[in-house]
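These notes are about the structure you will find just below.
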Amino acid sequence: MKQTEKTGIVTPAYVFDIGKLRARVRKIREALGGRAELCYAIKANPFLAEDLIGEADAFEVCSPGEYDICESLSVPSAKIVLSGVYKAEKDVRRTVSRCGDRAVYTAESPAQIGLLCRLAEEFRLRLNVLLRLSSGNQFGMDEAEVCRIIAERAAHRLVTIEGLQLFTATHRKNPQRMCKELQERDALIQ
């Protein structure tokens, strides 16, 4: 805690050792053995994004402000993953117009797949998409919906479904349950 000189008010202060942060990212990458890419959520600590450009494979962007941060830092378009439940058409359009087919876009609903299909046609681009699979909460689509979209993928001729996005860590305290959920999702992919 830091006390300001003028007011005497105590405010929080966060101190990060960038060298240790980078070393931790490399350690995680090594432990994964090339089986996964590391994506940094800009919302976590946006002020660390610049220091992680060379370390993270991608940056998850969930709002226009987060996209602005990436743009101001010259984060390569190929490292942008446009995510989030609420994506206004004007914001998705802006990202597609600037990042095009280099970014990855998540779809959390059939409506978002429809939007991405329309923008792909409009911009004459092939967009790379991750389907967000729900982990039992209000975010993403259930397995049946995801399977239906995959089965109908030929109708989405300018959208390439690259994989599934699953966020299962929030408020999860039981590692065995998390492992079981991941095994079930892995079976779905097979």
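The values are calculated or read from the model by the stated rules, or taken from the named source; none is laboratory data. These figures come from a predicted structure and were not determined experimentally. Cβ atoms come from the backbone with ideal geometry, glycine included; neighbour counts cover every protein chain shown. Just the protein is used for accessible areas: all its heavy atoms, side chains included, with ligands, DNA and RNA removed. Shrake-Rupley method; radii C 1.70, N 1.55, O 1.52, S 1.80 Å.
Observations, loosely collected:
- Meets criteria (assigned to a loop (DSSP other than H, G, I, E, B), within 15 Å of TYR67 (Cβ to Cβ) and either open to solvent by less than 60 Å² (accessible area, probe 1.4 Å) or modelled with pLDDT of 95 or more (or both)) for GLY100: no
- In segment 87-114, the residues that are in contact with a strand residue (DSSP E or B) (Cβ under 8 Å, 6 or more places away or on another chain) and either farther than 18 Å from CYS147 by Cβ or among the hydroxyl-bearing types (Ser, Thr, Tyr) (or both): VAL92, THR95, VAL96, CYS99, ASP101, ARG102, ALA103, VAL104, TYR105, THR106, SER109
- Residue satisfying condition, being over 30 Å from ARG26 (Cβ atoms) and surrounded by 15 or more Cβ atoms within 10 Å (Cβ to Cβ), within set VAL61, VAL92: VAL92
- Answer from SER109, SER77 - the residue that is at pLDDT 95 or above and of a type in the set (Ser, Thr, Tyr): SER77
- Each residue in segment 13-32 was checked for being open to solvent by less than 60 Å² (accessible area, probe 1.4 Å) and under 21 Å from the mean Cα position of the chain (by Cα), and 3 pass.
A quick yes/no check of all residues on (1) under 21 Å from VAL96 (Cα atoms); (2) of a type in the set (D, E, K, R); (3) open to solvent by 40 Å² or more (accessible area, probe 1.4 Å):
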site	(1), (2), (3)
LEU48	no, no, no
GLU55	no, yes, no
TYR67	yes, no, no
ILE80	yes, no, no
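- Test: residue in segment 133-150 that is over 23 Å from GLU184 (Cα atoms), open to solvent by less than 30 Å² (accessible area, probe 1.4 Å) and of a type in the set (A, V, I, L, M): no
- Looking at LEU115, LEU119, just one residue is surrounded by 20 or more Cβ atoms within 10 Å (Cβ to Cβ) and more than 30 Å from PHE16 (Cβ to Cβ), and that residue is LEU119.
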